Amino acid sequence: MTTFVDRVELHVAAGNGGHGCASVHREKFKPLGGPDGGNGGRGGDVILVVDQSVTTLLDYHHSPHRKATNGKPGEGGNRSGKDGSDLVLPVPDGTVVLDSQGNVLADLVGQGTTYVAAQGGRGGLGNAALASARRKAPGFALLGEPGHTGDVVLELKTVADVALVGYPSAGKSSLISVLSAAKPKIADYPFTTLVPNLGVVTAGSTVYTIADVPGLIPGASQGKGLGLEFLRHVERCTVLVHVLDCATLESQRDPASDLDVIEAELAQYGGLDDRPRLVVLNKVDIPDGQDLADMIRPDLEERGYQVFEVSAVSRTGLKELSFALAGIVAEARAAKPKEEATRIVIRPKAVDDAGFTVTAEGEAFFRVRGEKPERWVHQTDFNNDEAVGYLADRLNRLGVEEELLKAGARAGDGVAIGSEDNAVVFDWEPTLAAGAEMLGRRGEDHRFEAPRPAAQRRRDKDAERDDAQQEFDDFKPF
């Protein structure tokens, strides 16, 4: 059964915003006391958070669909809906977030680092919030904005200072088990290690982490063996250590050729040329292994490698190797620029930036793209004429109609607001040419202009009584 997963595709969905409420305050002797519809609650976000106690993406491999809760709708009496709860997903340190095209969205390194993978939708405004001096009693409310949905790819790249690379059964797991407290599986057959192992090593005052990368064989960078699956785990390492088997039973292999093969695979993978290298000649406790190490060491030193002869069984050369690695790690840490506090950068909007674009697509068809127009469209109830009129007013004030005229749009042309897969399409009619001025001011509720039914009935009865009294007076004998 799989117990280690370092790459998953996660399907995330943020919560939808709650709808606003269209309500009128009702009280005895005040049947129409004004709008009192509350706002809808905000939808919950999907947030990725680095947690040091998490070491694998296995949970998301089994359950890749994650959704935050929706916001609650508003209610009458100026009661706003409850916000949706954020969904917090813990991920290992060193997780890289990518989109479906492979573009890096975030690199999560360090305890507590967060990234919002999907943002919840805004809650819709109730008619109480939409009321104004000109629109005293709106008969509509805004809908909640849909939450963001999408797919992200999570890749785990181990955060370690030292990476042990080499052929299967070269002794990497044995070496990490004696240098640290890690207890990897060790056996006398290839590909015993199926997952990267991490260990913590203390050498003097320096504490560093060491990892072994399993499965490097010829062709690993093209997907052979397990190399391509785990080569990403060496990208963050400060130093690479070639572990060469001096007691291999394969006649066609020797430490020098093993080193050349692994170096060729690292070069084809790319991005690791600047990392310092050390060479470890392992298994020198075996007589033939010591003889082979004595033969190959001068050649490796001529190439410029720092060579160490070690044995995980007899613990030979481990102290020297440990302190040498500690020196390289300490030097790299000292040369690393100090982290500065994140600066708050304020980027004011340009004076000529309208926040939207109008583009012509074919003949007599135009598309409007922009955060505000698209959000307003999603929040509009198109079954309510008053809400549609309010949307038209907002778009007009934003300057959409003016830009459509500049782009050459005419009455009756098709206009789409939004992307191709999620757009609202309509036949455009300019505001002044649509006859809207004959409908009265948009946003007003004409129910308040008409007399109340009960009051009208009383007036009718009074009029009938007055007429009857007048007729009686007219026929009154002199």
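The values are calculated or read from the model by the stated rules, or taken from the named source; none is laboratory data. Since the model is a prediction, treat every value here as computed from it, not as a measurement. Using ideal geometry, Cβ is built from the backbone for each residue, glycine included, and neighbour counts are taken over all protein chains shown. Heavy atoms of the whole protein, side chains included, go into the accessibility calculation; ligands, DNA and RNA do not. Shrake-Rupley method; radii C 1.70, N 1.55, O 1.52, S 1.80 Å.
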Report the normalised scattering of the stretch 261-313 as log10 I(q)/I(0) at q = 0.22, 0.23, 0.29 Å⁻¹, calculated by the Debye formula with identical scatterers on the alpha carbons.
-0.88, -0.92, -1.09
Say each of V345 and N384 gets a label point 7 Å from the Cα, pointing the same way as Cα to Cβ; how far apart are those two points in nm?
4.1
For the cross-link pairs K72/K372; K67/K338; K67/K157; K372/K406; K283/K338, which exceed 29 Å when the distance is taken from alpha carbon to alpha carbon?
K67/K338; K283/K338
Sites A463 and H25 - FRET efficiency at Förster radius 30 Å, r taken between beta-carbons, to 0.05
0.45
Whole-Å distance, taken between Cα centres, linking the stretch 260-285 and the stretch 1-40
55
Could you sort S419, S311 by their accessible area in this structure, using a 1.4 Å probe and putting the largest first?
S419, S311
Using amide H atoms built in the peptide plane, which far-off residues or other-chain residues are under 5 Å from T316 H to H?
S311
As a test of reading the structure, rank I47, I286, I262 by solvent-accessible area (1.4 Å probe, protein chains only), most first.
I286, I47, I262
Determine how large the accessible area of D462 is when every protein chain is in place; take a 1.4 Å probe and give Å² rounded to the nearest 10.
70
How much net charge surrounds V46 when only the other residues with a Cβ under 11 Å from the Cβ of V46 are counted, with Lys and Arg +1 and Asp and Glu -1?
0
Under 14 Å from K136, Cα to Cα: aspartates and glutamates that are on another chain or at least 8 residues apart:
D36, E386, E444, D445, E449
Along the Cα→Cβ direction, 7 angstrom out, place labels at D473 and R303. What is the inter-label distance in nm?
12.3
Solvent accessible area, Å² - I346, 1.4 Å probe, full protein context:
140
Average projected area [Cα convex hull, the stretch 33-128], square nanometres
7.5
